[in-house]
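Heads up, the thing below is written out as structure tokens.
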């Protein structure tokens with residue numbers, strides 16, 4: 001019968017920083033991954049995710065000067081390639097009216113250099129909601145941020161009105177914090193370890209050149225593992241299920257409920273005071289368990305470490321540990 005006599009338990013004993021870097025869209029405008037398989041979730045080492053977009057300010061308004069074909073833009077801050085960037089206010093920013101057809105949309109943007117730039121859409125005989133179509137808003141550079149749109153329906157020079165300025169967040173204005181996202185600290189699919197990253201709750205608007213979404217950037221820490229010597233009795237955190245029943249006329253109805261159980265393990269301590277793992281008590285850590293230290297497959301779990309120590313007079317100092325996870329353990333087989 002197989003056993004775990006030659007097993008190995010490893011824990012996240014350190015973290016290596018990775019500077020702000022672009023994440024890669026997986027083709028659905030929602031899933032963006034890094035080049036790292038695992039991200040640390042330990043307090044003080046959690047990822048910083050900063051998509052391109054407006055952070056504060058940037059209201060676009062009717063020009064205070066009353067001049068024709070211009071707008072005013074308030075100062076703003078935004079995230080560009082993971083850096084908080086300040087953009088100065090702009091007054092009497094010029095908009096070029098259509099020359100041949102009456103209908104044209106313009107994107108008011110912040111460039112990668114932190115400057116205001118107006119990107120002209122294609123003129124049309126009517127307005128369109130399709131990017132890069134006649135009468136539609138333009139595609140903007142991949143490194144730019146859209147902060148508003150201006151819709152004009154006349155070639156005649158005149159002051160731009162408030163109704164011609166569109167700046168609803170998430171529709172005409174790219175906010176750095178919309179749509180919201182979940183951090184994915186690690187994934188396994190069909191036994192294969194994937195890559196950590198983020199998953200947005202809705203797809204990013206494909207408003208940039210090449211019909212792609214805005215840039216998404218993150219800095220993070222990758223876990224460094226060390227073996228926990230003299231460990232034993234590892235139990236991975238997994239789902240358990242139960243059935244409750246209700247008697248109704250003529251039959252019994254059953255209902256399933258599920259819960260995520262704590263993982264656990266024990267180990268013999270060196271002195272119960274200076275053991276390295278004690279500095280990580282209550283931390284959210286990654287753990288790797290190899291049923292056979294000479295083979296590749298392992299169980300991967302992430303959870304908060306709890307330790308209950310025991311100091312017997314005539315036996316080894318021991319620790320009974322719990323792993324309180326938010327998701328069930330993963331199994332890496334390839």
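The values are calculated or read from the model by the stated rules, or taken from the named source; none is laboratory data. Just so we're clear, the structure is a prediction, and the values are computed from it rather than from any experiment. Here Cβ is always computed from backbone atoms with ideal geometry, including for glycine, and neighbour counts include all displayed protein chains.
Things worth noting here:
- If you check 80, 38 for being closer than 30 Å to residue 282 by Cα and touching a residue at least 40 places away in the same chain (Cβ under 8 Å), only one passes: 38.
- Residue in the stretch 294-309 that is under 21 Å from residue 38 (Cα atoms) and touching a helix residue (DSSP H, G or I) at 6+ places or on another chain (Cβ under 8 Å) present: yes
- If you go through the stretch 276-293 and keep only what is assigned to a loop (DSSP other than H, G, I, E, B) and either touching a helix residue (DSSP H, G or I) at 6+ places or on another chain (Cβ under 7 Å) or without any contact (Cβ under 8 Å) to a residue 40 or more places away in the chain (or both), you end up with 281, 282.
- Taken over the stretch 120-149, the residue count meeting the criterion of being surrounded by 16 or more Cβ atoms within 10 Å (Cβ to Cβ), part of a strand (DSSP E or B) and more than 24 Å from the chain's Cα centre (by Cα) is 3.
- Filtered residues of the stretch 195-224 (kept if over 13 Å from the mean Cα position of the chain (by Cα) and surrounded by fewer than 16 Cβ atoms within 10 Å (Cβ to Cβ)): 206, 209, 210, 211, 212, 224
- Residue match in the stretch 251-272 (condition: part of a helix (DSSP H, G or I), modelled with pLDDT of 90 or more and either in the same structural domain as residue 312 (by TED's automatic domain parsing) or under 30 Å from residue 228 (Cα atoms) (or both)): no
- Enumeration of residues in the stretch 256-273 that are more than 18 Å from residue 308 (Cβ to Cβ) and without any contact (Cβ under 8 Å) to a residue 40 or more places away in the chain: 256, 257, 258, 259
- If you check 112, 61, 86 for being in the same structural domain as residue 157 (by TED's automatic domain parsing), in contact with a strand residue (DSSP E or B) (Cβ under 7 Å, 6 or more places away or on another chain) and assigned to a loop (DSSP other than H, G, I, E, B), only one passes: 112.
- Here residue 98 meets each of (1) surrounded by fewer than 18 Cβ atoms within 10 Å (Cβ to Cβ); (2) part of a loop (DSSP other than H, G, I, E, B) with one exception, condition (1).
- Filter result for the condition that a residue is out of contact with any helix residue (DSSP H, G or I) (no Cβ under 8 Å at 6 or more places or on another chain), in contact (Cβ under 8 Å) with a residue 60 or more places away in the chain and more than 30 Å from residue 318 (Cβ to Cβ), over 225, 200: 200
- Selected residue [in contact with a strand residue (DSSP E or B) (Cβ under 6 Å, 6 or more places away or on another chain), within 19 Å of residue 35 (Cα to Cα) and not assigned by TED's automatic domain parsing to the domain that holds residue 117] from 217, 172, 232: 217
- Condition met for residue 77 (touching a strand residue (DSSP E or B) at 6+ places or on another chain (Cβ under 6 Å), part of a strand (DSSP E or B) and within 23 Å of residue 207 (Cβ to Cβ)): yes
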